[in-house]
Amino acid sequence: MAEVKPEEISHPPMEQLQGFEYCIDSNPPWGEAIILGFQHYILALGTAVMIPTVLVPMMGGDDGDRVRVVQTLLFVTGINTLLQSLFGTRLPTVIGGSYAFVIPIMAIIQDPSLSGIPDGHERFLETMKAIQGALIVSSSIQIILGYSQLWGIFSSPVGMTPVVALLGFGLFERGFPVVGRCVEIGLPMLILFVVLSQYLKNIQIKEIPILERFSLFICVALVWAYAQILTSGGAYKNSAEVTQNNCRTDRANLISSAPWIKIPYPLQWGAPTFNAGQSFGIVSAVLVSLVESTASYKAAARLASATPPPAHILSRGIGWQGIGILLDGLFGTGTGSTVSVENVGLLGSTRIGSRRVIQISAGFMIFFSMLGEQNMSLLRAKGGGRLLTPLHFILSVAGKFGALFASIPFTIFAAVYCVLFGLVAAVGLSFLQFTNMNSMRNLFIVGVSIFLGLSVPEYFFRYTMAAHRGPAHTKAGWFNDYINTIFSSPPTVGLMVAVFLDNTLEVKQAGMDRGMPWWQRFRTFKGDSRNEEFYRLPFNLNRFFPPA
């Protein structure tokens, strides 16, 4: 038997992923780019609908209030995505609503001064204004940390691996447990998405791998139509309420409640109110968002076939993300923002890491959420009571069209999450190729960080479900929010454990094993010549804001 050569059994580390036809600074043809951008828009709807669906009824709002919050969240998501892709990290990332803010926001909702308001709509408005004030104050944390360049990951590939991996692994509760709530819809969606995007990905039409690039759009359309048939056919007529809520296509009540035209605008709910304790609670979610976004930027850079973002670029992105949370507070989205993990995963599924695609998706978000009665009245006034037919058609259907897509059962999104979150987790594990995984030190750090990153938040989740309050329940509400929020985030727990172990355990002796020779040159903008291509500001703005 012939001797096996070393190069035949080993794979050299690769700084950029291969097989991407369009990377961060290359663009598909406009037709493809528009469809790909629409896919990202559809995917972003899951979080944009789910968070208001949970929070708005608790705040006392009705279906109309919920629709306005969904529209506002999508509108601000579009703005933040454009700002981040143009002036922030410049990575192809969607900046959407964050679940990290749910715990401290629920604490604001349960505040006796707000929960005791008898009128539901008034309680909704006062609670929203309190949330706005807390977001506005807490946004300063990310703005200061970003633009002062105080935020930098003092770690190695070994330390970052658990953080990025937990970004995907830590979201397992939003995957198959949600699919299981309506298996007859969720399981076909999961199987169909895997088959089309992976097994049939080489099928081409006019040299375009249609099924690989547009599998999300195709699968959602097919399974959504299937779910509509089941709903119309009475398949759930005698089912339990929870089954109907997760399976039926007519339970969202977003289409009938959607105003034909409505433009979100700052302070639309009224002047924000400010409370020190509530603001301190939201700060904990801002810190969690900071960690999760940092991990997402690392994953997005890899899935966009770019080099890891230098510390200066990362800080610039965090600063703009702080401005994004400020916009959340001004417009009243009901939650803060972070990088959308599912949209990062879609970059890998489609193998398209183009920045332009994400900017197009931001355009869809803004367009489908900015229409309102005022526009119709204005158009009639300018046209002497007559509307131009094409413009009238576009404006009259777009609001309802956006609400129509927003009524997709969340089970369909959860099935896609099973694939996309797994992809992001695998990207985190790919950083291990730059390290020595025959080192017991590295095995210890990675294993313990990932395990505790999953186990600690699971303890906090189970405790909260059983006791209806978090493990931290002292008389200081802001302290409770800090502890319960931070330790409910797998990437945050993983970061604390991994960074501590990686920077205290045999540091001097393990420089090579940690992968520092590879990591070091990507810490500064001028450390690698490709950074200029990937991360330079548009419109020649680097002349005024030179990179560090």
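For the reader, a short list of remarks on this structure follows.
- Extreme residue, nearest to THR333 (Cα to Cα), among residues of the stretch 88-103 that are in contact with a helix residue (DSSP H, G or I) (Cβ under 6 Å, 6 or more places away or on another chain) and assigned to a helix (DSSP H, G or I): PHE101
- Put simply, of SER349, SER284, SER305, SER293 the only residue that is in contact with a Gly (Cβ under 7 Å, 6 or more places away or on another chain), open to solvent by less than 20 Å² (accessible area, probe 1.4 Å) and among the polar types (S, T, N, Q) is SER305.
- Helices (runs of 4 or more DSSP H) wholly inside the stretch 474-548 containing at least 2 residues that are touching a Gly at 6+ places or on another chain (Cβ under 9 Å) and open to solvent by less than 70 Å² (accessible area, probe 1.4 Å): 477-486, 490-502
- If you go through the stretch 171-230 and keep only what is open to solvent by less than 20 Å² (accessible area, probe 1.4 Å) and more than 18 Å from SER349 (Cα to Cα), you end up with VAL178, VAL179, CYS182, ILE185, GLY186, VAL223, ALA227.
- Failed condition for ALA466, given (1) assigned to a helix (DSSP H, G or I); (2) at positive phi: (2)
- Taken over the stretch 231-251, the residue count meeting the criterion of being surrounded by 19 or more Cβ atoms within 10 Å (Cβ to Cβ) and of a type in the set (A, V, I, L, M, F, W, C) is 1.
- Which numbered condition TYR459 misses (of (1) farther than 28 Å from GLU15 by Cα; (2) among the hydroxyl-bearing types (Ser, Thr, Tyr); (3) surrounded by 18 or more Cβ atoms within 10 Å (Cβ to Cβ)): (3)
- The number of residues in the stretch 115-162 being open to solvent by 50 Å² or more (accessible area, probe 1.4 Å) and polar (S, T, N, Q) comes to 3.
- Selection status of ILE79, open to solvent by 20 Å² or more (accessible area, probe 1.4 Å), under 18 Å from SER369 (Cβ atoms), at pLDDT 90 or above and assigned to a helix (DSSP H, G or I): yes
- Criterion: of a type in the set (A, V, I, L, M, F, W, C) and touching a residue at least 40 places away in the same chain (Cβ under 8 Å) - qualifying residue of ALA498, ALA467: ALA498
- Taken residue by residue, the stretch 125-133 has at least one member that is of a type in the set (Lys, Arg), part of a helix (DSSP H, G or I), on the phi < 0 side of the Ramachandran plot and modelled with pLDDT of 95 or more.
- Check on ARG469, closer than 27 Å to PRO13 by Cα and among the basic types (Lys, Arg): no
- Residues that are buried (at least 23 other Cβ atoms within 10 Å of the Cβ) and touching a strand residue (DSSP E or B) at 6+ places or on another chain (Cβ under 7 Å) do not occur anywhere in the stretch 52-67.
- Lone unmet requirement of (1) modelled with pLDDT under 95; (2) open to solvent by 40 Å² or more (accessible area, probe 1.4 Å) for GLY383: (2)
The values are calculated or read from the model by the stated rules, or taken from the named source; none is laboratory data. On a predicted model such as this, the values are computed, not experimentally measured, just so you know. Here the Cβ is made from the backbone with ideal geometry for all residues, glycine too, and neighbour counts use every protein chain on show. All accessible areas refer to the heavy atoms of the entire protein, side chains included, with ligands and DNA or RNA removed. Shrake-Rupley method; radii C 1.70, N 1.55, O 1.52, S 1.80 Å.
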